[in-house]
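Take a look at the structure set out below.
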Amino acid sequence: MAPPREKATRTASVAGAVVPMVSARSAQGVPIESSGPPEATRAPARRSGRPGEKPRGRAPPSRAEDQAEGAAAPTREGEPPAAPGPPLPSSGSHRQGSVRATRERRPQPSPVEVPGPTESRGPLVPNPGRGLREAAPGAWKLRAVLEQLRLSRREISAAVEVVNRVVDHLLRKLQQGCESEFRGVGLLRTGSYYERVKVSAPNEFDVMFKLEVPRIELQEYANSGTHYFVKFKRNPKGDPLNQFLEGEILSASKMLSKFRAVIKEEIKNIEADTDVIVERKKKGSPAVTLLMRKPMEISVDITLALESKGSWPASTLNGLPINRWLGVKVRNDMRRRPFYLVPKHAREGSGFQEETWRLSFSHVEKDLLKNHGQAKTCCETDGVKCCRKDCLKLMKYLLEQLKKKFGKRKELTKFCSYHVKTAFFHVCTQDPCDSQWLSGDLELCFDKCVTYFLQCLRTEQLQHYFIPTVNLFAPDQIDKASKEFLSKQIEDQRNNGFPVFGAF
């Protein structure tokens, strides 16, 4: 899919509330999966490898983030053919054995000396590709960081209640009101709360309203892979969406303007104890932003999404490389689901092509994170716990904290949580086995995610997970200096025990 509107620190809401958007940018293609990780970045699976620790079998279970539903067993059939281009960076090792392999005893890896402070040296922690490396003094324990994030999520419960009340009011009025073009809208429950990976500010939320449209024809814009003109295959007279046509094309700008006007008028009828206004329109943004000032300060982005039940566009044919991770059957089932189009316009010169729509697959991303294990019981109450989602939370939090630290630096403005999530999905593709993500190996697994993301920055290649011809780190999307700056900051954090986790 395409990355969310470029808003790095906003992710979605909490229980029963609201959803974040994700988006992508067009660029040059790179392959779906690496044929094998470079030796320099290979890492041993499953080991935390602290000195004096006996070789482990299955790691002790950690707290379950949520109840994951079953996913299909892996298959040995090949992935879809890769798009031409240089191989993606890779980290971690592939373990092809069964989960029983986690019980096998392995020799303890030896510590490796690395450059560091000449005086005091901290405890050794695992690092992919380098065996064990020494943690900086005062290095943050990742479990403590996750606990901190979990506790902070409680703070949003009061805000969620307010947001739900406003969202429910708007949905009822749109569905029952005289504005017939929006009567079929519904809430699309996707986003970081439903994925259980929300780490952003508790007073910022994203909501998506879906609207099913009749049979449509897509015309790709400028070979972007992500942006399309939308036409109706049949255009019956009296269709309420006809008012948004620009010739034969369904105008994204016209439809967004009307959607914005309806919401702006309807918030006037919200209860007196809730003070809500519509923020001034941001150029290029697909969202209508509500600012609530009473009973508390909250920002809510509402995005309209067209729902199409037709076949996914041809640009996605070789995307979603989960055959070895979740199985061919799961991939086929996901591709039979609807896809969505949001009014995020394609860039055209110094402006925007305002009639274009952008693909969105946030609903599939939610399912990938919910049913993330090869074993059907992965992370269920009585199942073996993995650390996949914990690694994603930590990666998102790392980027968010760096953006806070360097808030006035322009180098980080184009990076967003969707870049982190995309890289994470590729690491899951590389290391598909549950035994490569044991809960007790959190430090090692987080480090292999960091290693992969750094390699993407250095090579300027981050392939869109659903649209393999799109490179999210192409030079025309994010300049080289910005990528070098972020790469340096992440390396500094890793070498010093991630002090930014304790900041702000």
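The values are calculated or read from the model by the stated rules, or taken from the named source; none is laboratory data. Since the structure is predicted, the reported quantities are computational estimates derived from the model, not experimental observations. FYI the Cβ positions are ideal-geometry reconstructions off the backbone, even for glycines, and counts take in every protein chain you see. To get the accessible areas, we keep the full protein, side chains included, count just its heavy atoms, and leave off ligands, DNA and RNA. Shrake-Rupley method; radii C 1.70, N 1.55, O 1.52, S 1.80 Å.
The C-alpha atoms of the stretch 214-346 occupy a region whose extents along the principal axes are 52, 42, 26 Å, arranged from largest to smallest.
Projecting the Cα positions of P468, A481, Y452 onto the charge dipole of the stretch 444-501 (unit charges on Cβ atoms of Lys, Arg, Asp and Glu, taken about the Cα centre) puts Y452 furthest along the positive direction. For the stretch 200-262, a/c is not less than 1.5, where a ≥ b ≥ c are the root eigenvalues of the C-alpha gyration tensor, and a/b does not top b/c. That puts it in the oblate class.
Label-to-label distance for K480 and R143 is 4.4 nm, based on points extended 7 Å past Cα in the beta-carbon direction.
Summarising the amide proton neighbourhood of V207: residues at separation of 5 or more, or on other chains, whose placed amide H is nearer than 5 Å comprise V19, D301, I302, T303. Computed over protein heavy atoms with a 1.4 angstrom probe, the accessible surface ordering of D273, D447, largest first, is D273, D447. Counting 0.36 nm for each residue step from S157 to N332 and taking away their Cα separation leaves a gain of 59.3 nm.
Available extension along the chain between T377 and A261 is 37.1 nm, counting 0.36 nm per residue and deducting the alpha carbon span. If you sort F352, F259 by accessible surface, 1.4 Å probe, largest first, the order is F352, F259. Oblate is the label for the stretch 350-504, because the ratio a/c of its alpha-carbon gyration tensor axes (a ≥ b ≥ c) is 1.5 or higher and a/b is not greater than b/c.
In the stretch 348-504, Cα pairs under 8 Å separated by at least six residues give a relative contact order of 24 percent.
When only alpha carbons are used to place a centre, the stretch 263-293 and the stretch 435-503 end up 35 Å from one another. The slack in the chain from E248 to R234, taken as 0.36 nm per residue of separation less the alpha-carbon distance, amounts to 4.0 nm. All Cα-Cα separations within the stretch 238-298 were binned at 5 Å from zero, giving a P(r) of 4, 16, 22, 19, 16, 11, 7, 5, 2, 0, each value a whole percent of the pairs.
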